[in-house]
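*Asks:* I am attaching a structure below and will ask some questions about it afterwards.
The values are calculated or read from the model by the stated rules, or taken from the named source; none is laboratory data. Bear in mind the structure is a predicted one, so any value in this text is a computation, not a measurement. When we count neighbours, we look across all protein chains shown, and the Cβ atoms used for this are built from the backbone with ideal geometry, even at glycine.
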Amino acid sequence: MKDQHLVSLTVNGREYELVVESRKTLADVLRSDLGLTGTHLGCEHGICGACTVLLDGEPVRSCLVFGVQADGRKVRTVESLSDGDELNDLQQAFSRHHALQCGFCTPGFLMLGEAYLSTDPEPDREEVREVVSANLCRCTGYQGIVDAVCEVAEMRRSKDREGTP
Amino acid sequence: MNAEQAASQPDAAEPNTAIDAQATEPDKPKRWVGNRLPRREDPRMLRGSGRFVDDIPDPHAYHLAFVRSPVASGRITEILTEDAISMPGVVAVLTSADLGHPSLTAVLEREEFVPTTMPLLAKDRVRYAGEPIVAVVAENRYLAEDAADNVWVEIEEMPPVLSLEDLGRSDLPVIHDEAPDGVLVDLQMFTDDLLDDVLGSAPLVLEEIFRSGRVTAAPMESRTCRADWRDRDEQLVLEVSTQVPHQVRSGIAQALGVPERKVRVIAPDVGGGFGLKCVVGREEVVAAAIAMRMRHAVRWSEDRQENLIASFHGREQEYRIRAGFDDEGRFVGLEADIRCNIGAYSVYPFSCAVEPLMAATELPGVYKVGRYAARARGFASNKPPTAPYRGVSRPQIVLVMERLMDKAARSLGLDRVEIRRRNTIQPDDFPYLGPNGITYEPGSYVEALELCAAEVGKAGWREQCERQDGLLRGIGIVNFSERTAYGTATMGMRKMQMTPGFEVSHVRMDASGDVVVTSGTCGHGQGHETTFAQIVADVLAISPDRIKLRQGDTDVTSFGWGTFASRSLVIGGGSAAVAARRLADQLREVAAEMLEAEPTDIELVDGHAQVRGAPDARLTIDEIAATVHFRSHTLVQREEQLLEARGSADPPGMFSNAAHAALVEVDPGTGDAQVVDYIVIEDCGVVVNPMIVDGQVRGGVAQGIGSALYEEMSYSPEGQPLTGTFMDYMVPTASEIPRVAVHHLETPCDQTETGAKGMGEGGTIGAPAAVLSALNDALRDYDADIDFVPVRPADLLAVLEGTSNSERRLETA
Amino acid sequence: MKPASFEYHRAYTPEEVVEVLTELGEDAKILAGGQSLAPMMNFRLARPSALVDVNTVAGLDYIRREGDELCVGALTRHRTLEISIADDVRDGFGLLPRAARWIGHYPIRSRGTVGGSIAHSDPTAEWCLMARLYDAQVVVLGPDGRRAIPSEDWFTGFLTTASGPDEMVVETRFGRPRAHGALTEYARRRGDFAIAAAAVAFDVVDGRCHDVSIVLGGVANEPLRLPEAEAIVEGAAPEEDTWTAAARSAAAAIRPGSDLNGDDHYRRHLVDTLTRRAFAEALETGNSR
């Protein structure tokens, strides 16, 4: 008999109620139960970070969280970043700086970046490099990713200084 | 934002010379080739709406899990599946016998090659730990793995052949009866009767051994597929993460005995490949077989552990070298005995010979080596098969040649750059016919070296090396070429049973003036949708936004070969350019009729067709397209309908070149080595999109640094893989990879449609040599003579303590 | 790599956790941050029959000062210790937030818990090293109530502790605050498990080192205190010669063994280096910086 549980969770601002087997990872729940396939699986042992999502605002490896644990919680995935056709500032910066090639690891880096930027950091290249080293990319050599996050950190800080919403 | 808007955005990072030119010369037509155009692929990837195989929804498909060999070598004596079959959600449990013993055999039509048959599922023997034996089919992967845990396979374990040291041992079982000495290919590629004498009388002779550890491509997306029989199309449709859809189709056709027409292979978005996916995998063909048999969709997703230990590896090689120099440091002769550990089987279709062939053929590189002899052999071992991992043998041959240059320089008291200068093929030497039978067309070999040395000077690296802060610093400068885009004639020399090379493109304009380009290439991160559109946009004088590339579908494109060996932009883009020119002719023909002029007087400019010298006499290309489709009765002079053209390309192959420099820091307290700065001077001819070229270089350098310092597939003495997770197989993170400064030289190629050469592998080819050279330089006061990769902290400590020998320490724990 | 089946239970108080664990028996495990357990389950190397999720247990996420002790609730995330510890609370334990920065990466620190790390008992885990460095007491709750186990008795082997099968770590009480402390690690890549680590803590009184602790990680099945090396530093001047002697003693005291990351000889060299550097760094960083 499968061990199943009723789970209520909010994903990208929308509420869902699901019956989920306890061993199903949050990554698999997002991908196959909710059809949010932007979150990818690269290793399933918590090192590559391709599965990174925000759980109550904190970045987590969704392959290491069981879906049932998201009960009552708020999840944000890469699908929450763009507004229709409009890409957000971090996504646009990724494109400008060629921070993606095959695109498979990109959602994980975007969510890692968003989490880091939400701590309102002082843009410091070495610190960004350290944060970015949480995830693996095999295509880009990371330079574009570090450039993009640094640039957006600076952009968001100066926006704050100017008082623009 | 469309391409027009994007192209006019200021780019803070690097100046956009094409657009700058546009700004100052507004009368000149816009050119897209050379533009750092943002990628067409990006929006969907950034939104998370990329369509990788596992993202394709199909909740009802069955899922596969494989029972794999727990041992490196053995005879299968019994397989018990009853327990598994009765488990929840299990649909079937299948062995090789159940499938009719399907297999793949790669053939090289050479006497010196021994073909090996790779059964899709192990038949009576297992030849590497992780080899698939039983396929479990269940409702989902969780249940499939539960059932796989309950399949019992009895194996009589045999001692394994693992390393090159194990070869020739009579106490170890033969892996393939057809090759009793374990040699699957033995190529005496080049001989020279005078070489011995020349080496015998040379003022300096170096006898060296170089070794390179086994690595794996580890793309972020593992292999994955979805197979489904479609009655209406009378086809098995395989959606698969591959670089070579047509070759997968041929592999399925061969293995399962079905006509090619009954198989359609589709590569949707592919999450990296680097050569691991340019061969046909067993598990994907098993999925296809099961889907056909069951008339039901079947999926397989390789997990990371399977990907690391049981897919395809590369580059486990050893070079025994004799090199002779005159007293000015010039090569007089080079002899190489190359041994490649190619694993348990030949991969399909390239065969296990690809590494030995490339090593022996291309070893001399950018240098004039005098007399040359090379033998290269591929040996079987109880490890996974070797596939052509980015660079193939070239990271190794460049490492060899560059270490030889460094050693000879040291022996003769010469500057390391000077000795290279003396040996490099000079501009006046082109076209240069080498002792390896290759004719090298013009390249900037000397210029790249000089510019690299100059940039190292400008960057102040030598001053950094003088710092006294407890760290040891060193610089490595390497120079090399990269053979790219070789077509059928060159590939034919390998004598593969299936000879790749050409590409065929179709270009079609629809009623609204939009264009679809098809190509047999199969991009997986290289930005083809952007670069091919740039090429075609220049020919048709329309915006790249209007041009859509379709590739990776054997039903949609003409037969082609896929994306590998740095070929796609040149051959695929080239064939698209040829087709586009023919389409441009058709547009001019129609415009001529509509404007009452001669086709030779029509020019295509910025989305218009106009009469030369009479700019008021013009039409938009959209108007032409609409007329051709909807008002064809008004065109009486044309014989053909519609706006469609076909083009092909099949170049002989050409060499890009690059010079790399690495600055490394060694911490004597920990033995740690860090690459702290990196410079690349590269020449790939005409650059279609500099941003994409830079990205390929940087990504390649990262993989090269990985194989120099961090990555190795290691095995226990029993043949158990020890590096089956991303914790143990150390793909570098952002903290291990420095900024890479990239400078471009441009030696246009007159053998290609665009003047471009390929360049996708150069980063990986040069980096191990650059890092190794830098490490030896950092430890020059300690008589460092490190001739292997990867180099680990304990190895550096041994040099510092004077306890190392240049023999590679045992790979086993 | 999908985990095997298990029964999922959620608990809301520590007492409930203990109750459920007792009911479920030995094959049940606590699920806290999951950063160590979930990968092992995905590999099917760990197959607990049941998991008790303690992320919903209230009242165990705190960092408090009680006299000379810094008390950290078991469900405090690594990240909280890294960034949210008030100056007056961490006085004398300034090393702890710095030690947190060595733990994996940001997303691992968001989720992993101090209690989970202490319960997991990996010999390179930063909190395990800190526990031995600061003579921590590990407080567990079991069917017979709370008990405090000194850290020297808590770590009993590789990934094993003195915990009973139905006990839950509820708090770690770091003691012996000192003005100077440092942790140095060496790993091949940023964020990897350390190949070896050295942690030191001491006061300087009248120009002499006092109340010295030295702990090594990654050289044995548990974090290793080095009384001989500590004795060399105790009462000696805080200077390079002292560090060198201590480091030499440390390197000689260990039997590290060999693996892919290095042999015996290499690890001793590494320990020598790390111990010296830990002391030098500790001297420079004063109290709570």
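*Asks:* Under the condition of being closer than 22 Å to residue B:741 by Cα and of a type outside the set (A, V, I, L, M, F, W, C), which residue from region A:99-126 is nearest to the other protein chains (Cβ to nearest Cβ)?
*Replies:* Filtering first and then ranking leaves A:101.
*Asks:* In addition: Here are the criteria: (1) closer than 24 Å to residue B:522 by Cβ; (2) away from chain A (no Cβ under 14 Å). Tell me which single one residue B:333 does not satisfy.
*Replies:* Every condition holds for residue B:333 apart from (1).
*Asks:* While we're here: What single numbered condition from (1) of a type in the set (A, V, I, L, M); (2) under 17 Å from residue C:169 (Cα atoms); (3) out of contact with any strand residue (DSSP E or B) (no Cβ under 6 Å at 6 or more places or on another chain); (4) buried (at least 23 other Cβ atoms within 10 Å of the Cβ) fails to hold for residue C:41?
*Replies:* All conditions are met except number (2).
*Asks:* Among the residues of region C:231-289, count how many are in a helix (DSSP H, G or I), at pLDDT below 95 and within 23 Å of residue C:98 (Cα to Cα).
*Replies:* Matching residues across region C:231-289 total 1.
*Asks:* Further question on the same structure: Output yes when any residue across region B:445-457 is in contact (Cβ under 8 Å) with a residue 24 or more places away in the chain, among the hydroxyl-bearing types (Ser, Thr, Tyr) and outside any helix (DSSP H, G or I), and no when none is.
*Replies:* no
*Asks:* Search region B:41-73 for residues being surrounded by 23 or more Cβ atoms within 10 Å (Cβ to Cβ) and away from chain A (no Cβ under 13 Å), and hand back the single one that is farthest from the chain's Cα centre (by Cα).
*Replies:* Among them, the one singled out is B:62.
*Asks:* Which one is farthest from residue A:44 (Cα to Cα), of the residues in region A:127-149 that are within 12 Å of chain C (Cβ to nearest Cβ) and assigned to a loop (DSSP other than H, G, I, E, B)?
*Replies:* A:142
*Asks:* Specify which of the listed residues (A:39, A:52) is touching a residue at least 60 places away in the same chain (Cβ under 8 Å), within 10 Å of chain B (Cβ to nearest Cβ) and within 10 Å of the chain's Cα centre (by Cα).
*Replies:* Unique residue meeting the criteria: A:39.
*Asks:* Separate question: Just to be sure before I move on: is residue B:706 under 19 Å from the mean Cα position of the chain (by Cα), within 11 Å of chain C (Cβ to nearest Cβ) and either surrounded by fewer than 24 Cβ atoms within 10 Å (Cβ to Cβ) or assigned to a helix (DSSP H, G or I) (or both) in the structure I sent?
*Replies:* Yes, satisfied.
*Asks:* Assuming residue C:103 fulfils every condition listed in (1) in contact with a strand residue (DSSP E or B) (Cβ under 7 Å, 6 or more places away or on another chain); (2) not assigned by TED's automatic domain parsing to the domain that holds residue C:22 apart from one, which condition is it?
*Replies:* Going through (1) in contact with a strand residue (DSSP E or B) (Cβ under 7 Å, 6 or more places away or on another chain); (2) not assigned by TED's automatic domain parsing to the domain that holds residue C:22 one by one, residue C:103 breaks only (1).
*Asks:* Does at least one position in region B:129-144 carry a residue that is away from chain C (no Cβ under 14 Å), within 27 Å of the chain's Cα centre (by Cα) and not charged (D, E, K, R)?
*Replies:* Looking for residues that are away from chain C (no Cβ under 14 Å), within 27 Å of the chain's Cα centre (by Cα) and not charged (D, E, K, R), one finds at least one in region B:129-144, hence yes.
*Asks:* For a quick check of your reading: which helices (runs of 4 or more DSSP H) sit entirely within region C:86-184 and have at least 1 residues that are surrounded by fewer than 23 Cβ atoms within 10 Å (Cβ to Cβ) and of a type in the set (Val, Ile, Thr)?
*Replies:* C:87-90
*Asks:* Next up: Checking the conditions here, which among B:44, B:110, B:75 is at pLDDT below 95 and either out of contact with any helix residue (DSSP H, G or I) (no Cβ under 7 Å at 6 or more places or on another chain) or assigned to a loop (DSSP other than H, G, I, E, B) (or both)?
*Replies:* B:110
Conditions (1) in contact with a Leu (Cβ under 8 Å, 6 or more places away or on another chain); (2) crowded, with 20+ Cβ neighbours inside 10 Å; (3) assigned to a loop (DSSP other than H, G, I, E, B); (4) modelled with pLDDT of 95 or more, marked per residue:
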| site | (1), (2), (3), (4) |
| --- | --- |
| B:741 | no, no, no, yes |
| B:753 | no, yes, yes, no |
| B:806 | no, no, yes, no |
| B:813 | yes, no, yes, no |
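*Asks:* Which of the following residues is aliphatic (A, V, I, L, M) and in a loop (DSSP other than H, G, I, E, B): B:392, B:417?
*Replies:* B:392
Every residue, every condition in (1) touching a strand residue (DSSP E or B) at 6+ places or on another chain (Cβ under 6 Å); (2) aliphatic (A, V, I, L, M); (3) closer than 20 Å to residue B:503 by Cα; (4) not assigned by TED's automatic domain parsing to the domain that holds residue B:399, yes or no:
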position: B:208; (1), (2), (3), (4): yes, no, no, yes
position: B:214; (1), (2), (3), (4): yes, no, no, yes
position: B:227; (1), (2), (3), (4): yes, yes, no, yes
position: B:234; (1), (2), (3), (4): no, no, no, yes
position: B:238; (1), (2), (3), (4): yes, yes, no, yes
position: B:249; (1), (2), (3), (4): yes, no, yes, yes
position: B:254; (1), (2), (3), (4): no, no, no, yes
position: B:278; (1), (2), (3), (4): no, no, yes, yes
position: B:304; (1), (2), (3), (4): no, no, no, yes
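*Asks:* Could you check, for region B:391-407, whether at least one of its residues is small (Gly, Ala, Ser) and within 17 Å of residue B:185 (Cβ to Cβ)?
*Replies:* yes
*Asks:* Also, I was wondering about something else. Would you confirm, using the coordinates I've provided, whether residue B:9 is over 30 Å from residue B:298 (Cα atoms), within 12 Å of chain A (Cβ to nearest Cβ) and either modelled with pLDDT under 95 or not in a loop (DSSP other than H, G, I, E, B) (or both)?
*Replies:* Yes, satisfied.
*Asks:* Which of the residues belonging to region A:78-117 are outside any helix (DSSP H, G or I) and closer than 18 Å to residue A:143 by Cα?
*Replies:* Listed by number, the residues that qualify are A:97, A:98, A:99, A:100, A:101, A:102, A:103, A:104, A:105.
*Asks:* Still on this structure, please answer the following. Tally up the residues in region A:57-67 that are over 16 Å from residue A:40 (Cβ atoms) and either under 12 Å from the mean Cα position of the chain (by Cα) or at the interface with chain C (Cβ under 9 Å from one of its Cβ atoms) (or both), please.
*Replies:* 3
*Asks:* Give me the residue from region A:68-83 that is within 10 Å of chain B (Cβ to nearest Cβ) and more than 23 Å from residue A:47 (Cβ to Cβ) and, out of that set, farthest from the chain's Cα centre (by Cα).
*Replies:* Filtering first and then ranking leaves A:82.
*Asks:* Just to be sure I understand the filter: pairs with C-beta atoms under 7 Å, separated by 6 or more residues or on different chains, first member in region B:99-119 and closer than 14 Å to residue B:353 by Cβ and hydrophobic (A, V, I, L, M, F, W, C), second member at pLDDT below 95 and part of a strand (DSSP E or B). Which pairs pass?
*Replies:* Once the first residue is closer than 14 Å to residue B:353 by Cβ and hydrophobic (A, V, I, L, M, F, W, C) and sits in region B:99-119, its partners that are at pLDDT below 95 and part of a strand (DSSP E or B) give B:108/B:496.
*Asks:* Just checking, does region B:505-517 include any residue being over 22 Å from residue B:359 (Cβ atoms), among the polar types (S, T, N, Q), surrounded by fewer than 21 Cβ atoms within 10 Å (Cβ to Cβ) and free of Cβ contacts under 8 Å to residues at least 24 places away in the same chain?
*Replies:* Within region B:505-517, none of the residues are over 22 Å from residue B:359 (Cβ atoms), among the polar types (S, T, N, Q), surrounded by fewer than 21 Cβ atoms within 10 Å (Cβ to Cβ) and free of Cβ contacts under 8 Å to residues at least 24 places away in the same chain.
*Asks:* Looking for whichever is surrounded by fewer than 24 Cβ atoms within 10 Å (Cβ to Cβ), in contact (Cβ under 8 Å) with a residue 12 or more places away in the chain and not in a loop (DSSP other than H, G, I, E, B) here; the options are B:355, B:284, B:328, B:306. Which one fits?
*Replies:* Result of the check over B:355, B:284, B:328, B:306: B:306.
*Asks:* Which numbered condition trips up residue C:267, out of (1) within 14 Å of another protein chain (Cβ to nearest Cβ); (2) among the basic types (Lys, Arg); (3) surrounded by fewer than 15 Cβ atoms within 10 Å (Cβ to Cβ)?
*Replies:* Result: residue C:267 passes all but (3).
*Asks:* Can you tell me how many residues in region C:51-62 are touching a residue at least 24 places away in the same chain (Cβ under 8 Å), surrounded by fewer than 21 Cβ atoms within 10 Å (Cβ to Cβ) and more than 9 Å from chain A (Cβ to nearest Cβ)?
*Replies:* Looking only at that region, the number is 2.
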